[in-house]
Each structure stands twice: as C-alpha cells, then as structure tokens.
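Chemist: I have a structure I would like to understand better, so I am pasting it below and will then ask my questions one at a time.
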Amino acid sequence: MLSASKILVVDDEPRMCDSLKLLLNNSGYEEVQTSNNGHEAIKCMAKNAFDLVFLDLVLPDMDGFQIMDYINQQHADTMVIIITGHASMQTALKALRRGAYDYIKKPFEPEELLTKGKNAINQKMLTCENRSINGKLDLSEKRYRYLIQNSPDIIYTLDNKGNFTFISDVVEHLTEFKAKQLIGKHYTTIIYEKDLEKANWFFNERRTDERVSHGELRIKICNENNRFGPCEVKYLTMELKSTGMYNKPTTEEDSKYLGAYGILRDITDRKRLEAQLQNAQRLESLGTLSGGIAHDFNNLLMAIQGNTSLMLLDVDSSHPSYEKLKNIETYVQRGANLTKQLLGFARGGKYEVKPTDLNKVIKKQNRLFGYTQKQINIHTTYEENLWTVEVDQKQMEQVLLNLYINASQAMAVGGDLYVRTENFIIDKDYIKHYHARAGRYVRISVTDTGIGMNKATQQKIFDPFFTTKEIGRGTGLGLASVYGIIKNHEGFITVSSKEGEGSTFIIYLPASEKKIIEEEWKGEGSVKDIKKSRTVLLIDDEDMIVEVGREILGILGYKVLTARSGEKGIEIYQQNKDQIDVIILDMVMPSMGGTETYNRIKKIDPDVKFLLSSGYSVDKEASKILNGSRNGFIQKPFTINQLSENMRKILDQKPA
C-alpha cells in the first residue's frame, strides 16, 4: 500500500529535491514528484492528488503557509510534513496549527524523514478508513431509522426505570402523543388505566431470546393537545412484544439490566372484526335455534287452530262456547305473530319477494304509525327515483314497525322521528366489516331523539329475547327480527347511538334492475268458494297435522289421501297419480325432506300441482320451487278459510 502512495517534494534547492526523490524511490515509493517553487507545486497538485507533501516553508515566490492554505482548501486529505532549516519553534507550531502532520528540521537523518513519512501515510489511510466506516455506519443508521420511523408499529426503548429513551413517531399518528414529549416519561403514561397491572407484569419480566414477554395491552388516546393532564381518553388494543437489554449475556451472574426494547402493534381493527365475527356466529346459532323453536311451535298452533276451526263450523254466534273458540283463534294468531318474529330473526325465509318501491312502503307505514303515535313528529326525506329492491313487502312493513316501536319507547314523552331514503353505492372498503358485497344499495335511515343507548346495549340489541324493558313489557324479539329479515334479504343494518342523544338505525338493501309490477288485490276466499270432487294428497310427518288436515279438507269437500313421510308420499302418488289433483307437502320432514320429495314426484309427473306448507317461512329451497311455477305456499298455522283460498288459487290455474 505504501509503494502506491503519491508524494510531492517542494523545496527551492534542486539538489535537495533530487536527493529526497532518490531516497524515497529507494525506500519503495514509486510515485514521487518534485517542485522548486510554490506556483509549480500548486500546478502539480491541481493535476494530481497526493497522499503526502514534504514542504519547505521558505520558497522564492511564496511562503509555505500559502501552499498549506491551498492544500487545506483543495486537498484536505493530503498530509503535510514541514522541512526547513531556518524555522523557529514558533514557526513549526504555527505550521502544525495550520494542519501540518509533523515537521523536520534540516539537517536531518534519512531514517527520520522516512519514519515520519510512513507515519503520515498510515495516518491518512487510517483516517480514510475511519471515514468510510463512519459513513457506512451513518448510512446504516439512517436506513434503520427510516425503517423504524416508517413502520406502522410503535417501536420503543426503555431505561432500567421504565422511562422511554426512544419511541417511534408513529405513536403520534396512533395516540396523538408527541414522541418527543414521551422521552423521559414512564411507560405507564400511555397505558390504559385498567391495564396498568398487566403492563407492569409485562415490562418487569425482563426476559430475552425466545422467552420474551408478549401479549395484549390497551394504550390511551389523548385528545387534548398532547398534554399529560386530564383529557378525554379512549384506547387502542395493541399486541406487545418486549425484550430485556443487558450489558452481557444473562447466563452470566453479574449481568446488569439496562432496560428494554419492544414493539406495539395496533390490532384494534382485528379485535373488532373478531368480535363482529363471533357476534355474527352467535346470532346465526341463535337464529337456527329460534327457527327450530318457531317451526315446532307453529305445528302445535296449527293443530290448535285446525281443531278450533272445525269446532267453529258446528256452532253459531249464539252458542255458549262461540266466544271462547274465537278467543282461542285470537290467541293462536298472537302466538303465530310471535313465531313470525322468531322466523324473521332465523336465517333464511322470505314469504313473497317481488320488486318494490320502498318509498311507497315507508309512506304507508308512516301514515299508519302516525295515527297511533300522535306525540311523535315524523320527518321524512325521500330519494326521487329510488332504486327498486326485491323484498317481501310484509316483512319490510314489520321491519319498519319494529324500528318505529323501538323509537317510540325511547321517546316516552314524545319527540322527533327522522326517516330518510336514498340511493347509495358502496365499495369493498366500506363494507368489509359487514360481510356484504359491493354495489348499488338502497339506504334507509331511522333516527329518533330518544334516550339513546350505551355501547354494552348496542352490542346486544339484535340478540333474540334481549330487552331493556321491564318483565312483561317486551319480548326482546323486535330488533332481532329486524336483523334477521334484513340479513335474509342479503342486506345489513348498522346502529349508532349515544346516551341522551338518540339512536340511528341504517338499513342497506341491494338494489335490483327488475321493474315493479302493480298487482290488483283479490279478496280472501271463504269455505263456500271451494271446488268439489277433488283429491288431495297430504304429506306431513306430524300426526296431529295429518289428523286435523284430513278432517278440514274433508269438510271442504276434498277426497284426502295422507302420508307421514316423503317415501310413503311417493309410493301413494305412484299408485294414485291419475286421481290426485294437488299435493299439500310439508317442507321439513325427517329422512326425506320436502325438496327431495318434490323433485322425485315431479319426475313421475311434471304437471302435478303442489301447495307447500311449513312452520318455517319460505327458505331458499322453497323459493326455487315457487319461482316461476304454478305452486303455492301456506304458512302454519292457517285457518280453514286461508287453506280454502290457497287451494282455490292453485286448482283454478290453467295448465301451462
């Protein structure tokens, strides 16, 4: 390395220059140049970068200090050794202060010059190496600082007392605390009060390697100009990983704890999504349970209703039992309304879906509600040219009624109810929390000025049987039914509320491209409207339904065949297919369900007519059967007149 060094000798005596060049060449320095005056030396240095200059301070055209100034300005890395025969100690010190590495006084020993020259070149190489290392360290530090400051996670270090010595700037974005203000503050400054004990356990563990402390903590959000005094505080849920720092490996007995470093990752959104998923799964399970209960209960009500209808055929209004029988019918209807709420909450089930203008449905419901709740002022804002939706109108009326009743109970002394409809397009980012699809929606908002709800209540309001009312004042099924109906229509519902500030429910229903078809209303039929001399096959797995159904159909003038399973129904139909005019088929049966029974009989006779019946509402399978077909559906429990009307509709249809 020394042999490749470039050396310049500047002396006004040519013989001195030649002697030094020869000495340096013989010592292995291959690139040595000489100059006899200052201007020549500057020209030489302008063309070449020298590692070392041997400089005589006394020159004919300028003094050596001028050349040193040039070197300091243009070639700061070049080492300078002063050579002079006349300089005093003060002059030598002045040269050293100007940046000279060393000086040699004439006369000198060749070895002295070579030693000082070698030391100067080594010093330059060391300086350059240090500069390179420092540059790399600086670049590395900048790179890691950039990574830390641009990480979405909070990265921090603590001293051995738990005070912050560093915290990344993202803490300000997440919590509104300034990073600079947290330096020197104890970590408990940002910990949510209810998690202080847990935080102390985490931060005092001081573990390292694979045994580092990790878990979940809540940290505060300060909203008052980042002061550490009283402020409105909320919290974020963070995932923590904390590692202890020591002056030497912890396996050594005298290792000293220096502090800790760690990472805080914001998992607030993830926790909220997990809670929403768990809540959705819980509601789905409750919906399945509620649907099953409603189905069985409707079968019981059907048996009661059927027997009551049969008894009423034998009595007139003067009979002592007439009023009691009519009361039983009323109680059955109230029970059926209750199960409708349960079925509305249960997943699956729409009765009669068709393209609908929700503005008309809402106007009708507002008018009816306004008649009975005159203490509430209803304010409406309707979107012109509101998009069409495919819904069951009766269920939408039930949704609105339940929301209105909920609002009126929150405004016991009166208030204002705001109802708004609008067309709304939402994207994937907007609905990612609601497990729905992006696209065109109709949005309905219902806002009251009532007492509002706390967060705990908001998390449970869609649960079946949850109510804040006194015992006997409510079933707790109203909002659960709303949730289920909207979910069944592939929509979703949100709620926002504050205690003392009222509540807002917002419903989103998918828009449809189908056109609205106005239908004329047909009056309800009666027992007298029936067709005679028809044969009906009744398929139901419940004995009580089969018995009462056979008797009712017989009174209506039908010849009745019965089967208590799908398999038996297929067998009976094969034997009597030329006589059977219509099949009343229960959709929910063990072994072979209604859908499979329907498909197998259709293979035998594609033109056979069905009246589907169930304690459930119309599910997806039943909807497929009913869509575009000449079949019908009747929900248990039903009256004799309702059965007669549905049978008349099906039998009066002309062949396709």
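Derivation of every value follows stated rules applied to the coordinates shown; laboratory data play no part. Here the structure is a predicted model, which is why all the values come from computation and not from measurement. Because the Cβ atoms are built from the backbone with ideal geometry, glycine has one as well, and the counts that use them run over all protein chains shown.
Chemist: Quick one: length gained pulling residue 384 to residue 330 fully straight, 0.36 nm per residue minus the C-alpha distance?
Modeler: 15.3 nm
Chemist: Moving on to the next point. Report the extension gain between residue 274 and residue 22 in nm, rounded to one decimal, defined as 0.36 nm multiplied by the number of residues separating them, less their alpha carbon distance.
Modeler: 82.3 nm
Chemist: Enumerate the amide H contacts of residue 191 below 5 Å, restricted to partners 5 or more residues apart or on another chain; note that Pro and chain-start residues carry no placed amide H.
Modeler: Close amide H contacts, sequence-distant or interchain: 220.
Chemist: Counting only residues 5 or more places away or on other chains, whose amide H sits under 5 Å from the amide H of residue 562 once H atoms are built in the peptide plane?
Modeler: Close amide H contacts, sequence-distant or interchain: 538.
Chemist: Grab the Cα-Cα distance for residue 253 and residue 128, subtract it from 0.36 nm times how many residues apart they are, and report the gain in nm with one decimal.
Modeler: Contour length minus the Cα-Cα distance gives 40.9 nm.
Chemist: In what sequence, highest mean first, do 572-582, 55-65 appear when ranked by Cβ atoms within 10 angstrom?
Modeler: Answer by packing, highest mean first, reads 55-65, 572-582.
Chemist: Within 10 Å of each residue's Cβ, count the other Cβ atoms and sort 44, 17 from fewest upward.
Modeler: Fewest to most other Cβ atoms nearby, the residues stand as 44, 17.
Chemist: For the range 1-75 and the range 146-188, compute the distance between their C-alpha centroids and round to whole Å.
Modeler: Cα centres, the range 1-75 to the range 146-188: 55 Å.
Chemist: Quick check on packing: order 78-85, 585-592 by the mean number of other C-beta atoms within 10 Å, highest mean leading.
Modeler: Final packing ranking: 78-85, 585-592.
Chemist: Around residue 151, under 14 Å between beta carbons, what's the net of Lys plus Arg minus Asp minus Glu among the other residues?
Modeler: The answer is -1.
Chemist: May I pose another question? At what distance in nm do the modelled label points of residue 318 and residue 144 sit from each other, each positioned 7 Å from its Cα along Cα→Cβ?
Modeler: Result for the modelled spin labels: 10.5 nm.
Chemist: Let me ask something additional. Grab the beta carbon distance between residue 401 and residue 600, set R0 = 45 Å, and tell me the FRET efficiency rounded to 0.05.
Modeler: Computed FRET efficiency for residue 401 and residue 600: 0.65.
Chemist: Enumerate by residue number the GluC sites (Glu not before Pro) in the range 5-51 meeting two conditions: DSSP loop (anything except H, G, I, E, B), and at most 15 other Cβ atoms within 10 Å of the site's Cβ.
Modeler: 30
Chemist: Run the numbers on the range 100-176 and let me know its relative contact order in percent, using alpha-carbon pairs under 8 Å that are six or more apart.
Modeler: 17
Chemist: Between residue 437 and residue 267, what FRET efficiency comes out of the Förster formula 1/(1 + (r/R0)^6) with R0 = 35 Å and r the beta carbon distance, rounded to 0.05?
Modeler: 0.85
Chemist: Which distance in Å, rounded to a whole number, links the C-alpha centroids of the range 381-419 and the range 78-130?
Modeler: 96
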